[in-house]
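Presented below is the structure to which this report refers.
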Amino acid sequence: MSDRCWDSNLYENKHGFVWQYGEALLELLSPQPGERILDLGCGTGQLMAKIAMLLRGQEAIADAKIQGIDNSPAMIEKARQNYPNLQFTIADARNFHLDEPCDAVFSNAALHWIKQPDRAIACIYQALKPGGRFVAEFGGKGNVKAIANSLYSALDAIGCPASREVNPWYFPSIGEYANLLEAQGFDVTYATLCDRLTPLEDGEIGMANWIRMFGSNFLSGLSDEQQIEVIRLVEEDLKPILYRDSRWFADYRRIRVVAVVAVDS
Ligand code: BEZ
């Protein structure tokens, strides 16, 4: 969802947990027949296709009033290949506009890449009809804390300390995010923050793959040897807490919110 370069094949083949876990969020969205829905940060389109199915059923999926946007051209290209009947657009969450307002904006595992959340929230608010709802899940306060701390320590250990600006993620508390939503005019009707230790794919190299896919900011500017050493140090550090039964886990912590545009606002 950020303007970084994504490897959409790697994302799709090795990080399927991103949308598999997102399915529970669909219950919270509860799409109703005839509704117009936006999937913000749609990635390669899997959850959006599920929403389209819920709206129209398999045979009329192309008639679902659903649109996906993502800032990554590679993700959108892949989404269009996966679901040629659905509508995908490259757009920035901080600066988008819909021609027709929608009933719901849905977003899974995307908003932690947006470091200017107020700008995204303003666009989301503008995109919704009165009474419309915003249903989102993303990394909340404390998300991947062990991994991030370990990356900083490993960079210190090889003599390349990183500043906090290297960190590309925005992981708010419920209070912080609810305040931003309310400041924009939303009523927050639901918010939770919960730990979700998430198994990674690829056995022993699962953590290395995760870091290369999602934590590449921490490795930029390092030689290949330095990158390998940083990952080795992180694995050594985290093995006692995030590796078990030949599998790595990420210490995810999710924030989930539902917020509605008041009918008279
Ligand atoms: C997450 O889904 O929580 C996440 C994904 C990539 C990087 C950081 C967090």
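The values are calculated or read from the model by the stated rules, or taken from the named source; none is laboratory data. Predicted model, so just to flag it, every value in this text is computed and none were measured. So basically every Cβ, Gly included, is an ideal-geometry build from the backbone, and we count neighbours across all protein chains shown. For accessibility, only protein heavy atoms count, side chains too; no ligands or nucleic acids. Shrake-Rupley method; radii C 1.70, N 1.55, O 1.52, S 1.80 Å.
Summary of values
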quantity	calculated
Residue-level accessible surface for TYR190, protein heavy atoms, 1.4 Å, Å²	80 Å²
Inter-centroid distance (Cα atoms) of region 201-255 relative to region 133-199, Å	18 Å
Charge tally in the Cβ shell below 15 Å around LEU47, where Lys, Arg are +1 and Asp, Glu are -1, LEU47 excluded	-2
Exposure of CYS5 as accessible area (Å², to 10), given a probe of 1.4 Å and all protein chains	130 Å²
PHE171 accessible area, assembled protein chains, probe 1.4 Å, Å²	50 Å²
Residue-averaged [θ]222 nm for the chain, counting only DSSP H segments that reach four residues, each worth -39500 (n - 2.57)	-12000 deg cm²/dmol
Long-range Cα-Cα pairs in region 192-245 (distance over 14 Å), rounded percent	58 percent
Kirkwood Rh in Å, taken over all unlike Cα pairs in region 132-263	16.3 Å
Segment SER220-THR189, length gained on full extension (0.36 nm per residue, minus Cα span)	7.2 nm
Extreme residue, positive dipole direction of region 8-261, given options VAL258, PHE138, TYR170 (C-beta unit charges)	VAL258
Extreme residue, positive dipole direction of region 8-261, given options GLY185, PRO117, SER153 (C-beta unit charges)	GLY185
Equivalent ellipsoid semi-axes - Cα gyration tensor, region 8-261, angstrom	33, 20, 16
Overall dimensions of region 83-124 as given by Cα atoms, namely Rg and Dmax in Å	11.4, 32
Principal-axis tilt of helix 174-184 within the chain, Cα atoms, nearest 10 degrees	40 degrees
The chain - charge dipole about Cα centre, Lys and Arg +1 at Cβ, Asp and Glu -1, debye rounded to 20	260 debye
